[in-house]
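Note sheet for the following structure.
The values are calculated or read from the model by the stated rules, or taken from the named source; none is laboratory data. Keep in mind the model is a prediction, meaning the values are calculated, not measured. Please note: Cβ atoms are built from the backbone with ideal geometry, for glycine as well, and neighbour counts cover all protein chains shown.
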């Protein structure tokens, strides 16, 4: 409910003046009579006229309030939206090789990557998203889907060691391309995350990038790992020990892949930076939404006017019957 002319509510300031005037008039019409005792009057019952002597004034106040509401023109408003969306198809190609267990991220690289990916998925409800994982080989963990609950469950189950170890960047990228090549979406995107150097697989990463380019697929590449050395958990006869090992990321290759496909290369050195990268990609690849809003207003002052008229009519009726003054 809205009001087209809310300034008329200022008229309600007359209500306190009416109350004050009524109080003064009531006091003016009080007569004093001195008697020795009022005991005899205590048993006399009060009439309905006495009990409801303020009804007429109350009705007049109510009529004024209703008339002011009518002048303010109450309106009921209905609105809606015509929305058309053009979703983006996105494949998350994630490295799950043994080196992703390095603990330069908290708690480690692979868990940090999963967390920011889950947040990224939650922020894109209108897009189809799929998941490809790779290490020494690659496979599709989840095809393109709008059922993000299933996707999140499958992503949560990902861990290092699910497939043969190694880093087959070309294989991971090629599998992601194969999932997108038949897509009818206007925009198709791959987010490829790795922490190493291509050392496995029978598909060259740049060849896979060329195929992505031919299908108009953009590839954003993310190199994960701190600069210098990183602690890796290593199994020993004395349990799990941490050993510092050099971080090796083929940044030149990742830059070539992103440049060739119209994407961008990022380097994540900690959890905060990795989250910021996904947020930037999210802004760059926003779903296009066209919204047409409409509003309909329906005048509702008729009801307030009729109610005010009925209240005034009731006041007149009562003042000429039950509360009629005797001359």
Check whether at least one residue in region 207-215 is part of a loop (DSSP other than H, G, I, E, B), modelled with pLDDT of 95 or more, assigned by TED's automatic domain parsing to the domain that holds residue 102 and under 25 Å from residue 282 (Cα atoms), and report yes or no.
yes
Taking region 136-153 and keeping residues surrounded by fewer than 16 Cβ atoms within 10 Å (Cβ to Cβ) and in a helix (DSSP H, G or I) leaves 149, 150, 153
Is there any pair with a first residue in region 140-152 that is more than 17 Å from residue 188 (Cα to Cα) and a second that is assigned to a helix (DSSP H, G or I) whose Cβ atoms are under 7 Å apart and which are 6 or more apart or on different chains, and what are they?
141/154; 148/121; 151/121; 152/118; 152/121
Scan (1) out of contact with any helix residue (DSSP H, G or I) (no Cβ under 7 Å at 6 or more places or on another chain); (2) within 23 Å of residue 276 (Cα to Cα); (3) modelled with pLDDT of 90 or more for the single condition residue 227 breaks and write down its number.
(3)
One residue is enough: does region 140-159 have a residue meeting the conditions closer than 24 Å to residue 270 by Cβ and in contact with a strand residue (DSSP E or B) (Cβ under 8 Å, 6 or more places away or on another chain)?
yes
So for region 138-148 (the condition being out of contact with any helix residue (DSSP H, G or I) (no Cβ under 8 Å at 6 or more places or on another chain) and modelled with pLDDT under 95), does at least one residue qualify?
yes
Which numbered condition residue 192 misses (of (1) surrounded by 21 or more Cβ atoms within 10 Å (Cβ to Cβ); (2) out of contact with any strand residue (DSSP E or B) (no Cβ under 9 Å at 6 or more places or on another chain)):
(2)
Could we say that residue 266 is surrounded by 12 or more Cβ atoms within 10 Å (Cβ to Cβ), assigned to a strand (DSSP E or B) and at pLDDT 85 or above here?
yes
Among the residues listed as 133, 121, 110, 65, the single one being crowded, with 22+ Cβ neighbours inside 10 Å and either under 27 Å from the mean Cα position of the chain (by Cα) or assigned to a helix (DSSP H, G or I) (or both)
110
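From the list 286, 298, pick out the single residue that is modelled with pLDDT under 80 and either within 30 Å of residue 52 (Cβ to Cβ) or assigned to a loop (DSSP other than H, G, I, E, B) (or both).
None of the others qualify; the one that does is 286.
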Would you mind stating whether residue 272 is surrounded by 14 or more Cβ atoms within 10 Å (Cβ to Cβ) and at pLDDT 95 or above?
no
Does region 228-245 contain any residue that is in a loop (DSSP other than H, G, I, E, B), in the same structural domain as residue 138 (by TED's automatic domain parsing) and either buried (at least 18 other Cβ atoms within 10 Å of the Cβ) or touching a residue at least 40 places away in the same chain (Cβ under 8 Å) (or both)?
no
Among the residues of region 165-185, is there at least one that is at pLDDT 95 or above and exposed (fewer than 13 other Cβ atoms within 10 Å of the Cβ)?
no
What's the total number of residues in region 1-44 that are part of a helix (DSSP H, G or I) and modelled with pLDDT under 85?
10
Would region 158-166 turn up any residue that is in contact with a helix residue (DSSP H, G or I) (Cβ under 8 Å, 6 or more places away or on another chain), within 29 Å of residue 247 (Cβ to Cβ) and outside any loop (DSSP other than H, G, I, E, B)?
no
